Amino acid sequence: MKRRDLIKRLSVGTTGVALGLGGFGQRVLASAGGADQYPIFSGHHFLPRARRVIFIWQAGGMSPYESFENKALLHKLHDKSPVKHRDACSAACLRPLYNFSQQGQSGIEMSDQFPHLAKVIDDMTIVKTLQNFAPAHPQASNFLFSGERLNDKPSLGAWVNYALGSDNPHLPGFVALGGAENISNGFLPSDLHGVFFETEGRALDFLDNPRAISARQQQAAVRQVADLDRLYASISGDDKARAHGKVFELAYKMQSSIPQVLDLQQEPDYIHEAYGLNDESTRKVGVDLLSARRLLEQGVRFVRVTDGGWDHHSGLDQQFPEKARGLDKPLSALISDLKQRGMLDDTLVVVAGEFGRTPFNEGKFIGGFGRGHNPDAGIVMLAGGGIRQGFVYGETDEFGFKTVKDPVNVNDLNATILYALGLDHMRLTYELGGRTFKPTGVGECRIVRDLFA
Amino acid sequence: MTYLAFLSDFHPVAVHFPIALLPLAALLFIYRRFRPDAVNNTLLALVLWLAFWSCVVAVLLGFGNRYFNGHSGEAIDAHARIALAATLLVFVTVAQWSFPTATRQVMSFGRSLCLFVWRIVWRVVVFIGRFVWGLVRFLLIPLRVLVWLSRRLFPPLDRALSATKTALVSRIAVLRSAIARPVVPAPNWAGVSLGLCLILVAITGLRGANLSHGEAHLVRNMPQPLKTLLGVEQDNAASQLDRAFFEHDVLPVFKRSCIKCHGEHKQKKGLRLDSYEAVVASGVVHFQDPHGSELLRRLLLPPDDAAVMPPQDKGRELQSDDIGVVIHWLQGHSLESLAKAEGGLPTEIKTLARRLPPVDDETLSALNAIPGMTVRRLVNNVDLLLVNLSYVPKSDRSKALSELALVSDHIFHLDISGAELASNEWAQLRSFSNLERLNLAGSNIDHPVLQTLSELRRLKWLNLHRTSVTVPETELRSLMPSLATLYLPRKLEDS
């Protein structure tokens, strides 16, 4: 930054303060973006490996034992108490329910519930040691997405949107599909909030104008609002005003862009087939992932897809195959589709729940099989964006209950996702109320550089 | 003019006269104390007048150097200012010998003025001191209560403290009376001003020598224990300019293009560019203000300018890459800071980035202000650009491309996926010589255009998915041998 820019910027800041309008949140990094964008960075902190992210949230927490963790000891101690080995729990052990085999060139051991994923396993990295700071869903998901326990902090997608924004001015930088939890902008400017689209039926309410209002009238009105907001923002230095105008403008632009982008009929039949859109059991996730791919292709920076229903406290043996089947085909199609299009080189695919599950049979008390929450060892599947291929990271103990090597807590995961995007979680900060907030909660965490090729 | 320039070169000779004459005057002044009969005022005045006029000559020649020989810079200005002050002071000194009455009148006025100012300052100091003392007493109330209690409880302590206090108070009273009424004795002004003259001339001389002989010319060979004792740090001012960077990247540039005239054998205009010390001491470089540096000004002049360096006819022109290196160095980048700023970039990218002139934030802002265009640096402080043109509306595209032409060497990744470009717009892509990654997915690229893109010698990643290109992969790869990754139109099921 040149000196006179700094002076210019400082004088704007002082004017804001002098008028008593200087918003309580201030951008702290130099801007070199266009007049109307946020890009607080003229560049990246690190070499950007990925340019966009799709985060598939297995809400509820997928069981490691039915996917990637095959623990021999659990077969031996099935239905027996682990008390001789550990004095932690009086529940009985529960063996992995399905058969495991080594898949791909890399020979990653995985259960037979993911036959399609097995074909692309050589493109993926499996982290077995995701740790969370809370054992209950609401807090754990807050930690997973915002690094803090309460739900008033910005979600990871909002941080990424803040730093990098959308490449496409007609689409938001942060989109949520399948569920609208944990997509808040928190204290960041409000236009960074995740935009939630329905993928079946109408994507967004009020996309059509009332008959009495012509497109021209509407355009004029939106422009007026945005201009006024921009004027106020330029006098006051208040991000919120600018955000208000930007939300109006984006909403207006989305009226024409969204029906186009989310029209899956534009995709050929073989894509529909590959993503499993023709099969009721895979259709829901398939539609979400295909929509996500179309959005990413059109310049959206961060798509969060929620795949709920992995919280198998009971009925594991009936429900897990359903869930696995629902995710398996669409996810493998997404990865091969991205690869085919040359997008996997710079698109990071993250599949994670908020935590893992226990090696003990919780369902025993209510009949059948079921597992409890285990915030000490969960599964993360990663692909693309410079991630290593056919790689397993982290080790758990003989029960798969505790992490013994290479723990990756949720903040480490988020720092690593940001690292892939070329952002340093320690330098991507926001000043609020005298505190400097970063995307990865409080305290130290590490970027897991080993995950990258 | 040439005569003046020639004469001015004698500045380094002329400066030695005052340097010799002033200490002589001082010696005579001291000797006069012991043998008043041996040294009379006339002799002393004569030496001082000689010193004064030699000062004037040296200063005039110094300014001649500045105006006719192009010596300029902050260090030179400071040197000149101190030299002027020294000359003035020599005149004041000699005036006391030659025009005693007039001097005394001026001095007496000056003395009253000094006293007046001093009294005001003293009032302020006392006021602030009282305030602070009150504050300290207030803050120490808990401690004082404690002391008061213990004195009540232990009479011996009370007695001891009282005695100490009495002693202290009397001493402070003495001190106070000494400070409160400042006594400015009638000084021997001639002696004082002569001493000041000596100090000023010494500083001027030292600074001048720093300019000609290098920053650390006096302490360069000082033994380490002595350095530690005196707290001498070598290259104090220069430590900001990274030596390793200089030797690694900048020196090779100078060696190629400069040191034939500014090196060991020839030092035109007294300038040497063949070592870190010489460059830093030369006064032609300015730390962190590269564009205020004479060196850079000369490098960046248009080729037909008479003052451009290296001179046009010598056949040693600098490449823009070379100038970029010099700018990076002058901006205070060290090899380490550069490596850190580059965020762990591969060496070849680093080398490429360092060879390019910087792109400033204004240029970047202007580019980003074009609707739909995103331009980012690969890494902060590394001026390789990631450009997305996909969402620029057709009406703005030619403007966007013409603006991009200004930074064509810096474009590293380019995304034009889904766009339909006219043939003249495609033609502009050829100038992006350092392009490494090109995304043409879904664009209207065709075979003839693709062939022109073979001029992009650094292209490693090319995406032609969703295009109508039907050229076999082998042919494309032989056309663009640098390609490592290539995506061709293909269906998902083909894989």
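Values for this structure:
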read-out: Residue check for residue B:477: in the same structural domain as residue B:386 (by TED's automatic domain parsing), part of a helix (DSSP H, G or I) and open to solvent by 40 Å² or more (accessible area, probe 1.4 Å); value: yes
read-out: Selection count, segment A:336-358, where residues are hydrophobic (A, V, I, L, M, F, W, C), assigned to a loop (DSSP other than H, G, I, E, B) and within 14 Å of another protein chain (Cβ to nearest Cβ); value: 2
read-out: Residue that is small (Gly, Ala, Ser) and part of a helix (DSSP H, G or I), where the choices are B:62, B:70; value: B:62
read-out: Any hit, segment A:311-327, residues being within 14 Å of another protein chain (Cβ to nearest Cβ) and either open to solvent by 10 Å² or more (accessible area, probe 1.4 Å) or over 23 Å from residue A:368 (Cβ atoms) (or both); value: no
read-out: Among (1) open to solvent by 10 Å² or more (accessible area, probe 1.4 Å); (2) over 21 Å from the mean Cα position of the chain (by Cα) - the single one residue A:392 does not satisfy; value: (2)
read-out: Set B:423, B:408, B:390, B:431: member being within 25 Å of residue A:165 (Cβ to Cβ) and more than 14 Å from chain A (Cβ to nearest Cβ); value: B:408
read-out: Subset of segment B:396-405 (residues that are open to solvent by 40 Å² or more (accessible area, probe 1.4 Å) and within 14 Å of chain A (Cβ to nearest Cβ)); value: B:399, B:403
read-out: Yes/no for residue A:368 being in a loop (DSSP other than H, G, I, E, B), open to solvent by 20 Å² or more (accessible area, probe 1.4 Å) and at positive phi; value: yes
read-out: Subset tally (residues that are touching a helix residue (DSSP H, G or I) at 6+ places or on another chain (Cβ under 9 Å), of a type in the set (Lys, Arg) and open to solvent by 10 Å² or more (accessible area, probe 1.4 Å)) for segment A:328-365; value: 3
read-out: Residue within segment B:73-81 that is closer than 21 Å to residue B:95 by Cβ and assigned to a helix (DSSP H, G or I) present; value: no
read-out: Tally, over segment A:311-322, of residues that are hydrophobic (A, V, I, L, M, F, W, C) and part of a loop (DSSP other than H, G, I, E, B); value: 0
read-out: Qualifying positions in segment B:262-318 - touching a residue at least 60 places away in the same chain (Cβ under 8 Å), over 18 Å from residue B:210 (Cα atoms) and either of a type in the set (Lys, Arg) or open to solvent by 80 Å² or more (accessible area, probe 1.4 Å) (or both); value: B:316, B:317
read-out: Scan of segment A:426-440 for residues that are within 20 Å of residue A:413 (Cα to Cα) and either surrounded by fewer than 16 Cβ atoms within 10 Å (Cβ to Cβ) or at pLDDT below 85 (or both), ordered by number; value: A:427
read-out: 1 or more residues polar (S, T, N, Q) and touching a Pro at 6+ places or on another chain (Cβ under 8 Å): qualifying strands (runs of 3 or more DSSP E) within segment A:100-157; value: A:108-111, A:124-131
read-out: Segment A:187-200 residues that are outside any loop (DSSP other than H, G, I, E, B), paired with ones that are open to solvent by 30 Å² or more (accessible area, probe 1.4 Å) and at pLDDT 90 or above (beta carbon under 8 Å, 6 or more apart); value: A:196/A:180
read-out: Residue check, residue B:333 more than 24 Å from residue B:412 (Cα to Cα) and modelled with pLDDT under 75; value: no
read-out: Of all residues in segment B:424-470 being β-branched (Val, Ile, Thr) and in contact with a helix residue (DSSP H, G or I) (Cβ under 6 Å, 6 or more places away or on another chain), the one that is least open to solvent (accessible area, probe 1.4 Å); value: B:449
read-out: Counted residues, segment A:215-269 - those being more than 26 Å from the chain's Cα centre (by Cα), open to solvent by 80 Å² or more (accessible area, probe 1.4 Å) and over 30 Å from residue B:466 (Cα atoms); value: 8
read-out: Given (1) assigned to a strand (DSSP E or B); (2) within 14 Å of another protein chain (Cβ to nearest Cβ), number of the condition residue A:431 does not satisfy; value: (2)
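Here's the yes/no breakdown for (1) of a type outside the set (A, V, I, L, M); (2) over 16 Å from residue A:174 (Cβ atoms):
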| residue | (1), (2) |
| --- | --- |
| A:256 | yes, yes |
| A:266 | yes, yes |
| A:277 | no, yes |
| A:306 | yes, no |
| A:322 | yes, yes |
| A:331 | no, yes |
| A:334 | no, yes |
| A:344 | no, yes |
| A:349 | no, yes |
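The rows are residues; the columns are (1) over 30 Å from the mean Cα position of the chain (by Cα); (2) over 15 Å from residue B:202 (Cα atoms).
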{"site": "B:11", "(1), (2)": "no, yes"}
{"site": "B:18", "(1), (2)": "yes, no"}
{"site": "B:24", "(1), (2)": "yes, no"}
{"site": "B:50", "(1), (2)": "yes, yes"}
{"site": "B:63", "(1), (2)": "no, yes"}
{"site": "B:66", "(1), (2)": "no, yes"}
{"site": "B:74", "(1), (2)": "no, yes"}
{"site": "B:78", "(1), (2)": "no, no"}
{"site": "B:81", "(1), (2)": "no, no"}
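The values are calculated or read from the model by the stated rules, or taken from the named source; none is laboratory data. Note that the coordinates shown come from a computational prediction; the quantities given were computed from them, not determined experimentally. Here Cβ is always computed from backbone atoms with ideal geometry, including for glycine, and neighbour counts include all displayed protein chains. Note: accessible area is taken over every heavy atom of the protein model, side chains too, but ligands, DNA and RNA are not part of it. Shrake-Rupley method; radii C 1.70, N 1.55, O 1.52, S 1.80 Å.
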